[in-house]
Amino acid sequence: MRPLLIHQATLAGHRAGVYALAPGLVPGTFYTSGSDGQVAEWTTANPTQAHGLAKLAGACWAMATLPEPGLLVLALNQQGLHFIDLHTRQALGSLALPKADYFALAPIGPSQIAMADSTGHITLVDAVAGRVVATAQVSDKPLRAARAWGSQTLLAAGSDGHVRLLALPTLQPLAAWPAHSPTVMALCPLPGQRLATAGRDARIRLWHLPGTEPTLLQEVPAHHYAVYDVAANPDGTLLLSASMDKTLKLWDVDTLRLLRVHDKARHQGHGSSVNRCLWLSANEAVSCSDDRTAILWQLAMPN
């Protein structure tokens, strides 16, 4: 049996492409945002009904949830970070940062967030205190992805095609290696000290990174065009990929064997580039697209 994602609902309401997804504090709750600056709250129990959470004065291409303090952190291009208390649904304030486009936010521990931007900088912020902890230019080209790697290191990657391993909280470089050409678009930590990467070269690669020396385990020509995101399900057995070719694909993590292709014609998928994907639970996922929608999916095991 091959798993299948079944379309549950198309979530409409954004007026421009949707580029950011984040989980809520309550299971079944999640958030979307994008080029229109609207931040919407959705629930899987009533997926066609959105609640407006914020309206930003510009594009928001990255956001992240910090569960312990109950914060939603929003990156507003050319301005900085905005913080929303998810318990009260009230804005807590902003932190002005150097002008840049912000492509990725990575939660670090209970209260910190790492931001990757178009100037090649990583900025580490204490979201509770509202202050910058450290900043470093790690590339002379835009950084597109950032993810925590354990508790003491951070992964960052972008338009120079390299993945970089940085020490926390100093952001000192520990290792770097070429991963995709020309651009690394996504990073996804996996069980067993493994890392999935995806790139503008339309490939997915699987690495073993037990220290600072990566080993390439597997690679596949995954899509027809750039792969914008990859996300592992909660137990780390399935990988979901989102692409400029308008499809979502489901993969076996251990072998990178293709399990399913989800498109508009056959599975009520997206009509334009798929920008992000996120697992909400073991059985639910959500994706978002340039077609101004998000789609809620249910994982099934058909006979």
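Check whether at least one residue in segment 54-69 is basic (Lys, Arg) and either surrounded by 14 or more Cβ atoms within 10 Å (Cβ to Cβ) or part of a strand (DSSP E or B) (or both), and report yes or no. The answer is yes, given that some residue of segment 54-69 is basic (Lys, Arg) and either surrounded by 14 or more Cβ atoms within 10 Å (Cβ to Cβ) or part of a strand (DSSP E or B) (or both).
Restricting segment 78-119 to residues that are outside any strand (DSSP E or B) and among the charged types (D, E, K, R) leaves a set whose member that is nearest to Gly37 (Cα to Cα) is Asp101.
Checking the stated criteria, Ala75 turns out not to satisfy the condition of being part of a strand (DSSP E or B), in contact with a Lys or Arg (Cβ under 8 Å, 6 or more places away or on another chain) and at pLDDT 95 or above.
The one condition from (1) in contact with a strand residue (DSSP E or B) (Cβ under 9 Å, 6 or more places away or on another chain); (2) over 23 Å from Ala231 (Cα atoms); (3) not basic (Lys, Arg) that Asp140 does not meet is (1). Give segment 120-138 a look and list any residue that's outside any strand (DSSP E or B) and buried (at least 17 other Cβ atoms within 10 Å of the Cβ), or say none. Of everything in segment 120-138, those that are outside any strand (DSSP E or B) and buried (at least 17 other Cβ atoms within 10 Å of the Cβ) turn out to be Gly120, Ala127, Val138. Of all the numbered requirements in (1) over 25 Å from Arg164 (Cβ atoms); (2) touching a Leu at 6+ places or on another chain (Cβ under 9 Å); (3) of a type in the set (D, E, K, R), Asp117 misses one, and that requirement is (1). Only one entry of Pro107, Pro3, Pro69 meets the criterion of being more than 20 Å from the chain's Cα centre (by Cα) and under 19 Å from Ala148 (Cα atoms), and that entry is Pro69. Scanning segment 238-294 for residues that are more than 21 Å from Val184 (Cβ to Cβ), crowded, with 20+ Cβ neighbours inside 10 Å and either in contact with a Cys (Cβ under 8 Å, 6 or more places away or on another chain) or at pLDDT below 95 (or both) yields Ala285, Val286, Ala294.
Name the one entry in Thr44, Thr48 that is of a type in the set (Ser, Thr, Tyr) and either within 18 Å of Ser281 (Cα to Cα) or crowded, with 19+ Cβ neighbours inside 10 Å (or both). From the options Thr44, Thr48, the qualifying one is Thr44.
Residue-level check: of (1) in contact with a Lys or Arg (Cβ under 7 Å, 6 or more places away or on another chain); (2) within 28 Å of Pro234 (Cβ to Cβ), Thr32 misses just (1).
Which residues, counting only those in segment 227-237, are among the hydrophobic types (A, V, I, L, M, F, W, C) and either farther than 19 Å from Ile6 by Cβ or modelled with pLDDT under 95 (or both)?
Val227, Val230, Ala232
Checked against (1) touching a residue at least 40 places away in the same chain (Cβ under 8 Å); (2) surrounded by fewer than 22 Cβ atoms within 10 Å (Cβ to Cβ), Val230 passes all but condition (2). Do we have any residue at all in segment 17-31 that's free of Cβ contacts under 8 Å to residues at least 40 places away in the same chain and outside any loop (DSSP other than H, G, I, E, B)? The answer is yes, given that some residue of segment 17-31 is free of Cβ contacts under 8 Å to residues at least 40 places away in the same chain and outside any loop (DSSP other than H, G, I, E, B).
The values are calculated or read from the model by the stated rules, or taken from the named source; none is laboratory data. As the structure is a computational prediction, the values presented were derived from the model and not from experiment. Glycine also receives a Cβ, built like all others from the backbone with ideal geometry; neighbour counts cover every protein chain displayed.
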